[in-house]
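Heads up, the thing below is written out as structure tokens.
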Amino acid sequence: MDTKYRIESLEKSELDGKRWDDFVERSPQGSVFLDTDFLDAHRRSYRRFFILKGDTTKAGLVLFFSEDGSRVELADYVPYNGLLFQPQAPEQRAVKYLSEQFQLTEFVVEELLSKFESVTLSLPPEFNDLRPFQWHNYHSSNVSRKYEIRCRYTSYLNIAELSAAPAELETRLFKGLAESRQGEIKKARKAAAVAKPSRDVQAFMRFYLKLMEEQGVALPSEMPAVIGSICEKMLATGKAQLFAVDGPGGQPSYFTFFMVDKKRAYYLFGAGDSSQRESYAGTVALWDAFKILASNGVAEVDFVGVNSPRRGGFKLSFGGSLLSYFEVVRSAKTVTASV
């Protein structure tokens, strides 16, 4: 293993928070899910690290822990975590940049396994080279000594066209929607239904918790407080937007919630009142959100996972591009110390 790199643990201070958030914003693998405000709002035990070569920061690392701190785990509503790299310098050759990313990943792969009982990371679509995970204990016949790599999918949709489009039904984006989505938007327009920005987190939470109950999803007891914390804090910091569609009675019938950074928006939550919403509510709640986001300078939306038949089919019916991302999982036999 290359030992020219070292790990620096960051404190939860204002200075280290700014250093970290600036790095996340610049990194191709960075997203609002690694932003300090979001990490704090999530209420899950985490730590941030820089990987340095000499005094130069080369990469960042976010880890979520089990209660006893012995395992690196995934966190609910955090689709991407793990390793992120500094952007390629203009004078740096691509071959050198890729080689350095490989070496940094290799260093982190070994470092984590020497310090934790198990490691699970979910790497973003922009993390392109998984060879250090694939090649760990490459020649071993013992599968348990290797990383398991699980393929996941999301969808990115370019919405920039909607920022100045006078006739929404004539846009390439509308014409690329599934016929069912087109039909629902036309129904919404005939009913004069539109989605507008909202701050009513309490109403959204009622809809969301009812939806989980109807779908038979048993949320951990702490999750409602976590979801509420994420919505309230990220809305307050301007790093999220909530949209609502009113039902026939004039009360909100459907909500969509997006996280936002300088790269794109991320569709994190959607929920409606099944007793009063019209069939078009979910569709127009997204479509109008796209229009408002685009008018505010957002060019792209990440649907944050298309990994179940029902939700995946609905999200992909908006015509986005399918991208893969990967979860990597490995158990270690021995632990020497904590990071």
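The values are calculated or read from the model by the stated rules, or taken from the named source; none is laboratory data. Please read these numbers as outputs of a predicted model, since none were measured by experiment. Methodologically, a virtual Cβ is constructed for each residue, glycine included, from the backbone with ideal geometry; neighbour enumeration extends over all protein chains shown. Just so you know, the surface numbers come from the protein's heavy atoms only, side chains and all, with ligands and any DNA or RNA stripped out. Shrake-Rupley method; radii C 1.70, N 1.55, O 1.52, S 1.80 Å.
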Tell me the label-point distance for the pair residue 88, residue 196, using the 7 Å Cα-to-Cβ offset, in nm and rounded to one decimal.
-> 4.7
Taking square-rooted eigenvalues a ≥ b ≥ c of the alpha carbon gyration tensor, is region 181-282 rounded, prolate or oblate, where a/c under 1.5 means rounded and, failing that, a/b exceeding b/c means prolate?
-> oblate
Most mobile of 322, 84, 121 per a Gaussian network model of the chain (Cα springs, under 10 Å)?
-> 322
Cα gyration tensor shape of the chain, rounded if a/c is under 1.5, else prolate or oblate by comparing a/b with b/c = prolate
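Order these peptides, 308-316, 141-149, by their mean beta-carbon neighbour count within 10 angstrom, highest first. Write down the numbers at each step before the final one.
On the way: 308-316: 14.0, 141-149: 12.4.
Peptide ranking by packing, descending: 308-316, 141-149.
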Name the most mobile residue of 45, 27, 140, meaning the one with the largest mean-square fluctuation, in a Gaussian network model of the chain with Cα contacts below 10 Å.
-> 140
Length gained when the stretch residue 186-residue 45 is fully extended (0.36 nm per residue, less Cα-Cα span) = 46.2 nm
Any idea what Rg and Dmax come out to for region 17-80 if you just take the C-alpha atoms, in Å?
-> 12.1, 35
What does the charge count near residue 253 come to, summing +1 for each Lys or Arg and -1 for each Asp or Glu among other residues with Cβ under 10 Å from its Cβ?
-> -2
A chain fully extended from residue 221 to residue 144 at 0.36 nm per residue, minus the present Cα-Cα distance, gains in nm 24.5 nm
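When the chain is fully extended, how far beyond the present Cα-Cα distance does residue 279 get from residue 137, taking 0.36 nm per residue of separation? Please list the in-between numbers first.
Details: separation 142, 0.36 × 142 = 51.12 nm, distance 5.22 nm.
Value of the extension gain: 45.9 nm.
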Using Cα pairs closer than 8 Å and at least 6 residues apart in sequence, work out the relative contact order for the chain, in percent.
-> 24
If you roll a 1.4 Å probe over the heavy atoms of the protein chains, what accessible area per residue do you get for the chain, in Å²?
-> 47
Which residue, 26, 44, 131, tops the fluctuation ranking in a GNM of the chain built on C-alpha contacts under 10 Å?
-> 131
Overall form of region 1-147 per C-alpha gyration tensor (a/c, 1.5; a/b vs b/c) | oblate
Label model pair residue 3, residue 331: point-to-point distance (7 angstrom along the Cα→beta-carbon line) in nm is 3.0
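Please report the relative contact order for region 199-339, taking Cα pairs under 8 Å with a sequence separation of at least 6, and give it as a percent rounded to a whole number.
Numbers: 151 pairs, mean separation 24.1, N = 141.
So the answer I get is 17 percent.
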Would you list which aspartates and glutamates come within 14 Å of residue 233, measuring only between C-alpha atoms, while excluding same-chain residues fewer than 8 positions from it?
-> 35, 37, 40, 200
